[in-house]
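> I have a structure I would like to understand better, so I am pasting it below and will then ask my questions one at a time.
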Amino acid sequence: MSEPASSGAAPALGEGVAWGFCALGGAMVVALVALRSGDLAAAPVAVMGAGAAIAAAVGRRRNRPQVSYPWLLFSLACVGFIAGAVLRQVLAGTQFAPVADVATLAGYFATTAGFVGLLRCRQSSDRRLHSVVDGSIVLVAISALALVAFTLPTARNAGFSEFAVVQGAYPVIDAVMVFVAILLSWTSARRVTSFWLLAVSVVFMLIGDIGYAAIGTQGETVGSPLLDLPFVIAFSLFGAAALHPSMRILSAVQQRPVQAWSRGRVGLLVPMLLVPPAVLVWNDDSPSTWIGAAAGGLLALLVLSRAVTAVQAHAKAQEGLAYQATHDALTRLANRARLVQVVDELLLRADRAGDRVDVLFLDIDSFKLVNDTWGHQVGDRVLRLAAERLLTVTDATDVVARIGGDEFVLARYVGPHTPGGDELAAAVVEAFRQPLPGEDALVTTVSIGLAGSGASGGAAGPDSAESLLRDADTAMYRAKAAGRSRCMVFDPSMHDSVRQRVETELALRYALARDELLLHYQPIVSVQTGVVVGAEALLRWAHPSLGLVSPLDFIPIAEETGLIVEIGEWVVSEAVRQAARWRDQRAGSGMPDLWVAVNVSARQLRDPSLVDHVEAELQRLDLPASLLVLEITESAMMSDEDVAATLLHRLRDLGLTLAVDDFGTGYSSLGHLRRFPVSKVKIDRAFVAGIEHDADDAEIVRAVVAMSLAMRLDVVAEGIETEGQRVLLQQLGVQLGQGWHFGRPMPAEDCTFVLPQPARAKS
């Protein structure tokens, strides 16, 4: 807790020192008033000037601004001002009096240079420096006013001597300082305390110089010490600005805010535009007339320049917005909106000329793996390189677009002498088989779907950009399914399969609510005795119009959409309920209870709620956990070993039996399964089918049985259809069997194996 407190103590201390320096300035103001008639009247000015120089050095060292040299210039400026003030008193009335002005002018030059240094910290991508133009309007107006009000009268009264001209020119010099202070205000994203202290100090310097210029108009060169009061205040504010912690923000490199004619800015500029006519009305002598006319002409040019650049900036902004609306920010290619617009134009042209438009829909294969392995920064680089590669294989007349993620689209107008989209697709596929340039030497292939205008035969209405994109997208997914890194041409029959899939998905979403799902049960028997020991619950869908839908048609859709989780919970609940009912039916018969096996998908295996649901159902129906077997495929377990192992151990802790389903079709390694708490291995039906005629299949089964028995695992053989298969499996040591030889899957009410049956000894 002490660290935040200490980190906040330093800024608070810095603010206290800054305001303390202002208080010192107030004391010096009182001292100057008190000493105005004595020999020490110049002391307060000297003290505050020296103090401001020291404060600038201390603030620069203490606050450590990102850009520090402006504060060094400010410190030197204070030294120049003090030197000028002292020399003005010492050398008054002598021929060396102009030396004081040299020192003072050096101070003004250093101050202006310091402000310019702060201005250089403001960066902008827009070369139109509207703030400079607006500031110049203020500069011209104030300078014209100062020349007419002070410089000319002072010069006339002193016979146009160099000393008088310089004395009258100080307000003009202050106008330059006001100019850079205004620019600093307009170009700062935040106007911090340090800025306001600096800005007000410039105002007081201007007031002080106006005071000296005013006595100059009366022919005097030295006035009352009270004329130095504004400079004392200016020095105190200046030193406080350097000491205040916010000077770090003021001196940091920052982006300029958008320059606009805000109400405040217009409120400042409009009075400035009225200065030239006011000058002409105020003094009708020749010099004043020339100054007013020149100022009016300059202001007119500046306003015209500002108006022109404002219109140009608006037009550029509109162009930028239009470009952003029609192009992808990462690759600078056309986006979907621009693509649709151009392709629709090409289709109109092709329809009139009897030509066609080919659209290629590209997707980078396994792009998610690139992002997951190397990060999104590398993924973005791959997308940019992919865009560059597409531009190298396309013609200047082709449309190249990125429409989202890793999806690109090429559109080509195909005339009598133009290569078609199939040739372009071949060039793209070949180009992407080469490694992308870069240190990682990434190889990213693409899958492409090709659709051309007129391909649908007019059945779906006139061709449009959207219809071609839809068809090409459909063909691209076919290319993915066919093995990737290839091109598939759209065929209208593809729509039928897509429509069927969509209809199946929609109907499946309502299947549970409409009680269309049901379970069939296939007996699992002892291969040696033929006694039924369990049953596998197999999901069926009784569609009202299509009849029984094959699990091969709807299970993959349920997996992809995530519906398998909800359906899987229903299957578990229904299987547990049926197992409990069979247990009640066999009670008192002396026969062992039947266990029920349920398949668990890969999606369910990643869902922690599976364990809670199974436990809740077992408790609700008071069914021993040993009567529920969960079957999981090898691939499902190995897709995420850590997550699967954790969830399976939680299920095993409930007392469930876990079995590896379809063994031999996945990783086929019993060694991999040692980390999972499985009790059974189910040999895939593909090996069982050939066991009578294929010696290799027999050897595979023999090896699996031997290894399983060594690991104390029960072996279940699937797909047993003949007596010969049963005999061979029994000889190989298989304990349990399942297949049409023992019984086909059937609804629970038709399962006669639940009741006692005479045993069939097999040898």
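The values are calculated or read from the model by the stated rules, or taken from the named source; none is laboratory data. The structure presented is a predicted model; accordingly, all values stated were derived computationally and were not measured. No Cβ is skipped: glycine too gets one built from the backbone with ideal geometry, and neighbour counts run over all protein chains shown.
> Just checking, how many residues over the stretch 49-93 are surrounded by fewer than 23 Cβ atoms within 10 Å (Cβ to Cβ) and touching a Cys at 6+ places or on another chain (Cβ under 7 Å)?
Result for the stretch 49-93: 1.
> Residues in the stretch 617-637 that are assigned to a helix (DSSP H, G or I) and either closer than 12 Å to Leu648 by Cβ or more than 38 Å from the chain's Cα centre (by Cα) (or both): how many?
The total comes to 9.
> To continue, here is another question. Residues of the stretch 608-653 being among the acidic types (Asp, Glu) and either surrounded by fewer than 14 Cβ atoms within 10 Å (Cβ to Cβ) or over 13 Å from Val678 (Cα atoms) (or both), which ones?
Asp612, Glu615, Glu617, Asp622, Asp640, Glu641, Asp642, Asp653
Listed here are the residues, each with its yes/no results for (1) under 21 Å from Ser366 (Cβ atoms); (2) at pLDDT 90 or above.
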position	(1), (2)
Arg389	yes, yes
Thr394	no, yes
His417	no, no
Glu423	no, yes
Val428	yes, yes
Leu436	yes, no
Glu439	yes, no
Thr445	yes, no
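Conditions tested, residue by residue: (1) modelled with pLDDT under 85; (2) on the phi < 0 side of the Ramachandran plot; (3) β-branched (Val, Ile, Thr).
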site	(1), (2), (3)
Ala52	no, yes, no
Val99	yes, yes, yes
Thr104	yes, yes, yes
Phe115	yes, yes, no
Leu145	yes, yes, no
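> Within the stretch 38-52, which residues are assigned to a loop (DSSP other than H, G, I, E, B) and in contact (Cβ under 8 Å) with a residue 40 or more places away in the chain?
If the condition is that a residue be assigned to a loop (DSSP other than H, G, I, E, B) and in contact (Cβ under 8 Å) with a residue 40 or more places away in the chain, then Ala41, Ala42 are the ones that fit.
> Hey, another quick one. With the structure loaded, tell me whether Ile249 is at pLDDT below 85, surrounded by 18 or more Cβ atoms within 10 Å (Cβ to Cβ) and farther than 30 Å from Ala42 by Cβ or whether it fails that test.
So Ile249 does not fit the description; no.
> For Val533, only one of the following conditions fails: (1) hydrophobic (A, V, I, L, M, F, W, C); (2) touching a Ser or Thr at 6+ places or on another chain (Cβ under 8 Å); (3) crowded, with 19+ Cβ neighbours inside 10 Å. What is its number?
(3)
> Being acidic (Asp, Glu) and either surrounded by 12 or more Cβ atoms within 10 Å (Cβ to Cβ) or under 17 Å from Ala431 (Cβ atoms) (or both) is the filter here; which residues of the stretch 367-417 pass it?
Hits for the stretch 367-417 are Asp380, Glu388, Asp395, Asp398, Asp406, Glu407.
> So in the stretch 17-51, with the set limited to residues that are under 47 Å from the mean Cα position of the chain (by Cα) and of a type in the set (A, V, I, L, M), which one is nearest to Arg88 (Cα to Cα)?
Ala18
> Out of curiosity, is Leu517 within 46 Å of the chain's Cα centre (by Cα), under 30 Å from Leu732 (Cβ atoms) and buried (at least 16 other Cβ atoms within 10 Å of the Cβ)?
The answer is no for Leu517.
> Give the residues of the stretch 53-73 that are of a type in the set (A, V, I, L, M) and part of a helix (DSSP H, G or I), sorted by residue number.
Answer for the stretch 53-73, where residues must be of a type in the set (A, V, I, L, M) and part of a helix (DSSP H, G or I): Ala53, Ile54, Ala55, Ala56, Ala57, Val58, Leu72, Leu73.
> Also: Quick test for you: out of Ala542, Ala513, Ala535, pick the one residue that is without any contact (Cβ under 8 Å) to a residue 60 or more places away in the chain, in contact with a strand residue (DSSP E or B) (Cβ under 8 Å, 6 or more places away or on another chain) and not in a helix (DSSP H, G or I).
The conditions single out Ala542.
> Give the stretch 338-366 a look and list any residue that's loosely packed, with under 13 Cβ neighbours inside 10 Å and hydrophobic (A, V, I, L, M, F, W, C), or say none.
Leu348, Ala353
> Right, next: When you go through Ala580, Ala602, Ala558 one by one, which is the residue that is under 18 Å from Pro523 (Cα atoms) and in contact (Cβ under 8 Å) with a residue 24 or more places away in the chain?
Of the residues listed, the single one that is under 18 Å from Pro523 (Cα atoms) and in contact (Cβ under 8 Å) with a residue 24 or more places away in the chain is Ala580.
> Okay, next question. Confirm whether Asp593 is touching a residue at least 12 places away in the same chain (Cβ under 8 Å), at negative phi and among the acidic types (Asp, Glu).
Considered against the rule, which asks whether it is touching a residue at least 12 places away in the same chain (Cβ under 8 Å), at negative phi and among the acidic types (Asp, Glu), Asp593 comes out as yes.
> Right, something else. Within the stretch 546-616, considering only helices (runs of 4 or more DSSP H) that don't extend past its boundaries, which have at least 3 residues that are acidic (Asp, Glu)?
It comes to 551-561, 563-586.
> If you don't mind, another one. Would you check if Ala481 is at pLDDT 85 or above, out of contact with any helix residue (DSSP H, G or I) (no Cβ under 9 Å at 6 or more places or on another chain) and surrounded by fewer than 20 Cβ atoms within 10 Å (Cβ to Cβ)?
No: the conditions fail for Ala481.
> Is it the case that the stretch 169-179 has a residue that's part of a loop (DSSP other than H, G, I, E, B), assigned by TED's automatic domain parsing to the domain that holds Ala77 and at pLDDT below 80?
Checked the stretch 169-179: no residue is part of a loop (DSSP other than H, G, I, E, B), assigned by TED's automatic domain parsing to the domain that holds Ala77 and at pLDDT below 80.
> Right, something else. Can you name every one of the strands (runs of 3 or more DSSP E) wholly within the stretch 643-728 that holds 1 or more residues which are of a type in the set (Asp, Glu), closer than 23 Å to Ala537 by Cβ and modelled with pLDDT of 85 or more?
657-663, 714-717
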